[in-house]
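The values are calculated or read from the model by the stated rules, or taken from the named source; none is laboratory data. Everything numeric in this text was worked out from a predicted model, so none of it was measured. Quick reminder, even Gly has a Cβ in these numbers, built from the backbone with ideal geometry, and neighbours come from all protein chains shown. What goes into the accessible areas is simple: the full protein's heavy atoms, side chains included, and nothing from ligands, DNA or RNA. Shrake-Rupley method; radii C 1.70, N 1.55, O 1.52, S 1.80 Å.
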Amino acid sequence: MMELAGKSILVVDDDELLRERLARALVRRGLSVRAAEGADEALELAAASAPDLAVLDLKMPGRSGLELLPELLRVSPKTKVVILTGYGSITNAVDAIHAGAVNYVTKPADADQVLEAFRRGSAADTPRPRPEDLHAPSLAEAEWNHIQQALADCGGNITRAAEHLGIPRRTLQRKLKKLAP
């Protein structure tokens, strides 16, 4: 099993709150963390000092994590990459694995889930997931994840999230009262 303490990690996510929270949690677990808001900043950091590990958000403004992945691996070929994906983007996650990522994690994800993805993806006896082995989330799961992302984007404000989603506030409140799928 891969030992991760003491390794350097690059966290790339346009969501400042998630990026900072994940970075702090990884520091507490003994990693040396650098964080970037987007692809250009990530490539600059990687060129200055190649990270052992990198966590890339799949969906970012400008270049996506999927577009950043091959560029990052050109700059830093030994870096192990895990992709963070939301909205049930399993197809893109599979594409990322084919492009060189060692694993992927669906959002919302905590530091332990990210580190476990590196361990599983780096284990010599663990085969990489095949597209036919991956299961897309159910419609209910995808809807729940989409609602949670909209709420996070709106700082937990239900009225703004409902406007963002294009549904009445009371409908959103009813959906939130149901348990997650």
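Computed quantities for the displayed model
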{"item": "Among the residues listed as Glu143, Glu163, Glu132, the single one being more than 22 Å from Ala35 (Cβ to Cβ) and modelled with pLDDT under 80", "result": "Glu132"}
{"item": "Residue satisfying condition, being modelled with pLDDT of 90 or more, among the small types (Gly, Ala, Ser) and within 20 Å of Arg120 (Cα to Cα), within set Gly6, Gly30", "result": "Gly30"}
{"item": "Any hit, region 21-35, residues being in contact with a strand residue (DSSP E or B) (Cβ under 6 Å, 6 or more places away or on another chain), in contact (Cβ under 8 Å) with a residue 60 or more places away in the chain, of a type outside the set (D, E, K, R) and closer than 21 Å to Cys154 by Cα", "result": "yes"}
{"item": "Criterion violated by Gly86 - all others in (1) over 13 Å from the mean Cα position of the chain (by Cα); (2) over 15 Å from Val33 (Cβ atoms) satisfied", "result": "(1)"}
{"item": "Condition met for Ala124 (modelled with pLDDT under 80, open to solvent by 20 Å² or more (accessible area, probe 1.4 Å), part of a helix (DSSP H, G or I) and over 20 Å from Ala36 (Cα atoms))", "result": "no"}
{"item": "From Leu17, Leu72, residue being touching a residue at least 24 places away in the same chain (Cβ under 8 Å) and in contact with a helix residue (DSSP H, G or I) (Cβ under 7 Å, 6 or more places away or on another chain)", "result": "Leu72"}
